[in-house]
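Asker: Let me give you the structure first, and then I'll get to my questions.
The values are calculated or read from the model by the stated rules, or taken from the named source; none is laboratory data. From a predicted model like this one, the values you see are computed outputs, not experimental measurements. All Cβ positions, glycine included, derive from the backbone under ideal geometry; neighbour counts span all protein chains shown. Quick note on the areas: whole protein, heavy atoms, side chains included, nothing else; ligands and nucleic acids left out. Shrake-Rupley method; radii C 1.70, N 1.55, O 1.52, S 1.80 Å.
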Amino acid sequence: MPSKKALVRRPSPRLAEGLVTHVERMDVDVDRARQQWEAYVEALRTHGWEIIEVDPADDCPDSVFVEDTAVMYKNVALIARPGAESRRDETAGVEEVVARLGCSVNWVWEPGTLEGGDVLKIGDTVYVGRGGRTNAVGVQQLRAAFEPLGARVVAVPVSKVLHLKSAVTALPDGTVIGHIPLMDTPSLFGRFLHVPEASGSHVVLLGGDKLLMAASAPKTAELFKDLGYTPVVVDISEFEKLEGCVTCLSVRLRELYA
């Protein structure tokens, strides 16, 4: 059977020092963020996901955004090389975990940069955002790692948001969802649905018709309900102050076989 494993990492005590690029800095309540993280993890666990905690990286303020450290395709883990130099120490702990799980491990090498938040997989199509954190060499290295495995890699310009998945994710049927003002080229996506709120662009597919999404997008939640989906809503407001979203807080491993 396919796996339902989620890698997560506890927030650093230095979370409030995390990087911001496209938003104004706001005060972050670290205690509240920890509570929100616990609720996020519990939502995954409740819906059948095995939770695997990566060792904390307390000296790395952004380390809770564990998705940026690795990209999974089938049984292969591509260890990222973050475009933000201050985040490069975050990858070692994740590399150790995916190797222990039996993944084949590849790496992005200098001068390439790639962050996992820039990668959206829909079936065998892998969209990769080319923007502030992922460069052209990183795109080339992702292509070299995954195309031999059957992936079709599509590069997407990203300039208005931090990562590609800050602008778009996808529904279970493959329809890309996004908030058009945050997107550079909506026409690159075949089936596309505009959502009314920026944070409504972000969903994690929990299984079946269930979509994990942020409490800050109630209109989008109603839209998804009307389309026959079941939103599972979590409050991640402290992480949103740091340009985080529901996808950023975990690495989902769906294609590992026992």
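Asker: Looking at (1) buried (at least 17 other Cβ atoms within 10 Å of the Cβ); (2) free of Cβ contacts under 8 Å to residues at least 60 places away in the same chain; (3) in a strand (DSSP E or B), which is the only condition residue 169 fails?
Answerer: (2)
Asker: Working carefully through the options 44, 19, 15, find the one that is touching a residue at least 24 places away in the same chain (Cβ under 8 Å) and touching a strand residue (DSSP E or B) at 6+ places or on another chain (Cβ under 9 Å). Step through it out loud before you land on a result.
Answerer: Values: 19 fails: touching a strand residue (DSSP E or B) at 6+ places or on another chain (Cβ under 9 Å); 15 fails: touching a strand residue (DSSP E or B) at 6+ places or on another chain (Cβ under 9 Å).
Going through 44, 19, 15 in turn, the sole match is 44.
Asker: Also: Would you say residue 210 is basic (Lys, Arg), open to solvent by less than 30 Å² (accessible area, probe 1.4 Å) and under 28 Å from residue 74 (Cα atoms)?
Answerer: No, not satisfied.
Asker: Hey, residue 3 hits all of (1) modelled with pLDDT under 95; (2) closer than 26 Å to residue 237 by Cβ but one; which does it fall short on?
Answerer: (2)
Asker: For segment 89-108, give me each residue that is under 21 Å from residue 60 (Cα atoms) and not acidic (Asp, Glu).
Answerer: 91, 92, 93, 94, 97, 98, 107, 108
Asker: Only one of 138, 129, 112 is within 24 Å of residue 180 (Cβ to Cβ), crowded, with 19+ Cβ neighbours inside 10 Å and of a type in the set (Gly, Ala, Ser); which? Please lay out each step first, then the result.
Answerer: Numbers: 138 fails: within 24 Å of residue 180 (Cβ to Cβ); 112 fails: within 24 Å of residue 180 (Cβ to Cβ).
The unique qualifying residue is 129.
Asker: OK, next. For residue 90, are the conditions met, namely being open to solvent by 10 Å² or more (accessible area, probe 1.4 Å) and in a helix (DSSP H, G or I)?
Answerer: No: the conditions fail for residue 90.
Asker: Separate question: Please state which of the following conditions residue 153 fails to meet, knowing it meets all the rest: (1) touching a Pro at 6+ places or on another chain (Cβ under 6 Å); (2) open to solvent by 10 Å² or more (accessible area, probe 1.4 Å).
Answerer: Answer for residue 153: the failing condition is (1).
Asker: Within segment 77-128, how many residues are closer than 19 Å to residue 256 by Cα, in contact with a Gly (Cβ under 7 Å, 6 or more places away or on another chain) and not small (Gly, Ala, Ser)?
Answerer: 2
Asker: Let me ask you something else. Search segment 199-224 for residues being assigned to a loop (DSSP other than H, G, I, E, B) and out of contact with any Gly (no Cβ under 7 Å at 6 or more places or on another chain), and hand back the single one that is farthest from residue 2 (Cα to Cα). Explain how you work it out, then say what you get.
Answerer: Restricting attention to segment 199-224, the residues satisfying the condition of being assigned to a loop (DSSP other than H, G, I, E, B) are 202-203, 208-209, 215-217.
Still in the running and out of contact with any Gly (no Cβ under 7 Å at 6 or more places or on another chain): 202-203, 208, 215-216.
Numbers: 202: 23, 203: 20, 208: 14, 215: 29, 216: 31 Å.
Taking the candidates together, the pick is 216.
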